[in-house]
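Here the structure comes first, spelled out in structure tokens, and everything after it is commentary.
The values are calculated or read from the model by the stated rules, or taken from the named source; none is laboratory data. Everything quoted here is computed from the prediction, not taken from an experiment. When we count neighbours, we look across all protein chains shown, and the Cβ atoms used for this are built from the backbone with ideal geometry, even at glycine. Heavy atoms of the whole protein, side chains included, go into the accessibility calculation; ligands, DNA and RNA do not. Shrake-Rupley method; radii C 1.70, N 1.55, O 1.52, S 1.80 Å.
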Amino acid sequence: MTSRYKPQELEQKWQARWEADGIYRVLEESTRPKFYALTMFPYTSGDLHVGHWYAMAPSDCFARFIRMKGYNVLHPMGFDAFGLPAENAAIKSGVHPYKWTMANIERMRGQLKTMGSMYDWSREVITCLPEYYKWTEWLFLQLFKGGLAYRAMAPANWCPHCQTVLANEQVTETGRCERCDAIVTKRDLEQWFFRITRFAEELLDFSGIDWPERVRTMQRNWIGKSQGAEATFGIEDQPGQIKVFTTRPDTVCGVTFMVLAPEHPLVAQLTKPDRKADVEAYVTSTRRETEIERLSTEREKTGVFIGAYAVNYLTGERVPIWIADYVLMTYGTGAVMGVPGHDTRDFEFAVKFGLTIRVVISPPGWEGKELDEAYVGPGTMVNSGQFNGLPSEKGKEAVADWLEERGLGRRAVSYRLRDWLISRQRYWGAPIPIIYCERCGIVPVPEEDLPVLLPEDAEFRPTGESPLKYHQGFVNTICPQCGGPGRRETDTMDTFLCSSWYFLRYASPHDDQGPYDREQGAYWLPVDVYTGGVEHATMHLFYARFFIKALKSLGIVDFNEPFTRLFNQGTITYDRRKMSKSRGNVVNPDDYVATMGADTVRAYLMFVGPWEQGGDWNDHGIAGINRWLNRVWRLVLAPPGGTVQKEEEEEEEGAHPRILRHMTHRTIQKVTEDLERFRFNTMLAALMEFTNYLGKVKETPLYGTDPWDEAIQSLLLMLSPSTPHLAEELWERTARPYSILQQSWPAWDAAVAAEEEFTLVIQVNGKLRDRVIVPASIVETEVRELVMGRRRVQAYLDGGELKRFIYVPGRLVNLVIQ
């Protein structure tokens with residue numbers, strides 16, 4: 001009697017065996033080609049939920065498949081361990097962030113090991129350990145010395161609940177903190193930035209990498225490249241000028257007012273005394289608004305006249321200067337020329353405040369009438385002096401020439417992208433290795449003094465300021481240049497900085513001479529396939545691309561992109577809703593591992609739907625997967641139930657062995673091609689179909705023959721990436737050499753896999769009328785003869801005329817009859 005399938009026992013058995021044998025240890029070698037398969041590492045939240053498994057189990061399946069195909073595969077794992085939640089936990093419960101984080105890591109590491117993933121734990125990376133963040137600090141210094149890191153005063157997103165600065169990417173589309181959902185406001189602070197804008201053009205270039213078009217589009221939009229001209233306007237009765245960027249220089253003659261961002265430095269300088277109170281009140285109210293609110297096209301326009309006038313050099317006209325919240329300092333120059341005739345926002349603003357609306361680009365059929373709405377299309381220039389009569393496209397060039405010839409402007413490119421703000425007013429992050437000295441100014445910490453360690457006895461207060469600011473032992477230091485008293489920077493770095501280079505560290509995770517060993521890095525890098533969520537398109541993925549380009553410019557790396565191929569998985573839901581603790585619909589995979597086994601959970605998550613689309617968790621569905629794995633167990637180990645052979649099988653000697661081999665090789669081809677394309681759900685469907693077929697074959701005399709043995713061996717090899725424990729156990733029980741992971745992936749014979757027959761669909765005027773099984777080798781002349789002789793087809797030909805005979809090889813025929 002065959003023993004029962006007991007996944008809990010065999011999974012623990014094989015996990016212990018694999019760890020003891022070091023089967024997942026990876027070394028650089030020359031006998032096999034390398035392959036670096038990486039999944040985005042998790043934040044140390046404390047528990048792995050099914051969403052983590054959905055990201056990691058399929059990617060582990062792919063890595064196993066690539067290894068069996070003969071590659072030396074690096075598939076590492078680590079933890080993104082700095083961040084605000086640990087500090088909030090310290091404030092709330094008194095547990096030190098380090099202790100809270102490391103306890104969570106211990107818990108998550110144990111959960112990851114139950115998954116059976118082929119991670120080389122000797123290469124584990126934890127970003128909050130000094131051996132890691134020493135090199136985060138070192139990399140900061142290289143960017144600082146290379147002119148790519150600088151300090152400046154700037155408005156920052158401020159979360160009043162978390163009491164911290166947020167990056168733009170950490171603010172939701174509704175202007176709320178992504179962590180606590182509080183309304184985000186603005187504060188002016190002196191902070192550290194990376195010059196990401198210097199690489200805008202390089203970041204727009206995706207040549208040489210295989211990334212989803214959706215991600216490329218999101219990054220292009222985030223960079224927001226616009227081509228146009230920078231035009232200069234004078235200021236009435238005062239020195240100085242106002243610069244604006246416009247994509248429509250052909251409309252400069254249509255400027256009837258000027259709008260400055262409320263934060264613009266000229267506002268305080270130009271505001272007339274009698275307008276000061278109204279202007280200051282408006283500036284204060286604007287700072288409480290989010291960028292999303294300010295940019296909304298559905299809001300009624302607001303603004304305040306500051307009492308000053310600008311001068312349009314092209315027309316000589318004086319135009320009133322206003323401030324309005326729909327203009328932001330973070331876009332363009334923070335000043336906008338008001339062209340209400342040809343800009344929708346400006347039109348609404350002019351209508352609201354009774355400002356002049358002038359047409360300078362004539363719409364089709366325009367006869368000098370007033371506009372009911374802004375005309376933003378092309379046309380002929382009118383009311384534009386010397387430029388009248390020019391088509392607007394030529395007018396753009398002509399006006400740009402006029403501005404450049406007189407030194408009043410220039411052709412320019414503008415970007416929505418702004419430099420990366422990396423300062424965080426918190427403790428739990430990599431320290432910024434900078435010392436401030438009254439005599440020497442900003443002084444980098446000498447490299448030999450790294451790491452700048454986080455003090456273990458910091459006091460956590462809900463004040464919104466870094467605990468480091470109050471730690472005298474940390475703050476007070478010696479200036480390394482003059483030997484005088486110095487003060488350490490108390491801001492720490494954005495945690496996105498830690499994850500912008502972690503993939504380098506996996507090449508040599510314990511190297512003490514640099515962030516990574518150049519020789520080992522040359523072997524492994526860049527990453528061949530990177531998998532993770534699309535929500536990181538304009539955060540982690542964008543920053544990682546910038547960081548590699550910056551490091552290459554400094555000679556620290558010799559490649560241009562971090563990830564050669566990118567694949568984004570979808571989201572796993574429950575009852576068609578996104579999982580969240582607040583809804584109480586989070587699925588804990590541990591419960592299912594304990595009852596059904598990790599292989600069942602792995603396979604179910606891959607079967608639930610196309611990986612890039614996601615799927616909905618269903619207990620009935622996972623139970624079905626568990627029943628299938630039990631059938632696989634019995635199929636391989638249980639003796640056949642009978643040896644009945646039908647008469648027709650005796651008539652065609654050798655037919656069934658040929659069909660069995662055909663099914664085996666066809667399945668190998670299908671599974672291989674699906675795995676290469678991350679089509680895990682259809683890969684498993686093919687294996688289920690194959691299993692069902694083998695269950696029927698097992699009741700025939702083919703059981704125990706060479707074709708049968710080939711089929712079972714192929715089945716186990718194909719199961720190994722998705723259900724590694726079950727496959728390893730059955731591999732051993734059928735007396736095959738350890739380990740199944742070290743075996744070669746099965747190859748298919750194209751001739752054997754090819755279909756011998758197919759069902760030809762016969763349509764008349766697009767409607768199904770007949771079907772017939774035909775040889776796969778059939779040619780069109782034979783098809784025509786066969787179809788025209790079919791009784792059902794002839795019935796439609798009576799009284800009708802055949803106009804067209806359409807044949808789609810291998811699929812269908814359509815007869816067009818009139």
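Straight-line reach from LYS767: which lysines have Cα under 27 Å away, leaving out those fewer than 8 places along the same chain?
LYS803
Compute the accessible area per residue over the chain, keeping the other protein chains in place, probe 1.4 Å, unit Å².
45 Å²
How compact is the stretch 260-399 by the rule of thumb for globular proteins, expressed as Cα Rg over 2.2 N^0.38 Å?
Values: Rg = 16.3 Å, N = 140, 2.2 N^0.38 = 14.4 Å.
It is 1.14.
Where the accessible area of the chain is counted over protein heavy atoms with a 1.4 Å probe, how much of it, in %, is carbon and sulfur?
49 percent
State the dimensionless ratio Rg/Rh of the stretch 456-559 (Rg: radius of gyration of Cα atoms; Rh: Kirkwood radius).
1.08
So, taking all protein chains as they sit and a 1.4 Å probe, how much accessible area belongs to MET153, in Å² rounded to tens?
About 130 Å², rounded to the nearest 10.
Does a label point 7 Å from the Cα of GLN794, set along Cα-to-beta-carbon, have any residues of the stretch 767-788 with amide nitrogen under 19 Å, and which are they?
Label zone hits: 769-773, 782-788.
Give me the number: length gained by fully extending THR330 to HIS620, i.e. 0.36 nm times residue separation minus the C-alpha to C-alpha distance, one decimal in nm.
Extra length available between THR330 and HIS620 comes to 99.3 nm.
I'd like the accessible area for VAL636: 1.4 Å probe, protein heavy atoms, all chains in place, Å² to the nearest 10.
Here the residue's solvent-accessible area equals roughly 20 Å².
Could you give the length gained on full extension between VAL808 and SER30, defined as 0.36 nm per residue of separation minus the Cα-Cα distance, in nm?
Here the segment from VAL808 to SER30 would lengthen by 275.3 nm.
How do CYS479, CYS440 stack up against each other in accessible area, from largest to smallest, with a 1.4 angstrom probe?
Ranking CYS479, CYS440 by accessible area, largest first, yields CYS440, CYS479.
Can you give the FRET efficiency for LYS394 and GLN742, using 1/(1 + (r/R0)^6), R0 = 56 Å, r = Cβ-Cβ distance, to the nearest 0.05?
0.20
Diagonalise the Cα gyration tensor of the stretch 212-305 and give the resulting equivalent ellipsoid semi-axes, square root of 5 times each eigenvalue, largest first, whole Å.
Working: eigenvalues 168, 88, 28 Å².
Equivalent ellipsoid semi-axes, largest first: 29, 21, 12 Å.
Going by a ≥ b ≥ c, the root eigenvalues of the Cα gyration tensor, does the stretch 722-818 fall in the rounded group (a/c under 1.5), the prolate group (a/b larger than b/c) or the oblate group? Working shown, then result.
Numbers: a/c = 4.68, a/b = 3.73, b/c = 1.25.
Prolate, because a/c is 1.5 or more and a/b exceeds b/c.
At most 14 other Cβ atoms within 10 Å and a DSSP loop assignment: could you name the trypsin sites (Lys or Arg not before Pro) in the stretch 566-644 that fit? Walk me through the numbers on the way to the answer.
Working: sites: ARG576, ARG577, LYS578, LYS581, ARG583, ARG602, ARG627, ARG631, ARG634; in loops: ARG576, LYS581, ARG583.
Answer by residue number: ARG576, LYS581, ARG583.
Can you work out the FRET efficiency for the pair GLU782 and VAL816, with r the C-beta to C-beta distance and R0 = 22 Å, to the nearest 0.05?
So, using R0 = 22 Å, E works out to roughly 0.60.
Note down the accessible area of LEU129, probe 1.4 Å, to the nearest 10 Å².
40 Å²
From the Cα trace of the chain, what convex hull volume per residue do you get, rounded to a whole Å³?
Hull volume over Cα atoms, normalised by residue count, gives 240 Å³.
Could you give me the radius of gyration and the Dmax of the stretch 114-266, taking only the C-alpha atoms into account and expressing both in angstrom?
21.8, 76
Which of the lysines could be linked to LYS696 by a straight reach, that is with a Cα gap under 20 Å, when you skip same-chain ones fewer than 8 residues away?
LYS696 reaches LYS646.
Which pairs break 22 Å Cα to Cα here: LYS13/LYS69; LYS469/LYS549; LYS145/LYS552; LYS134/LYS469; LYS145/LYS549; LYS225/LYS301?
LYS13/LYS69; LYS469/LYS549; LYS225/LYS301, as the Cα separations exceed 22 Å there.
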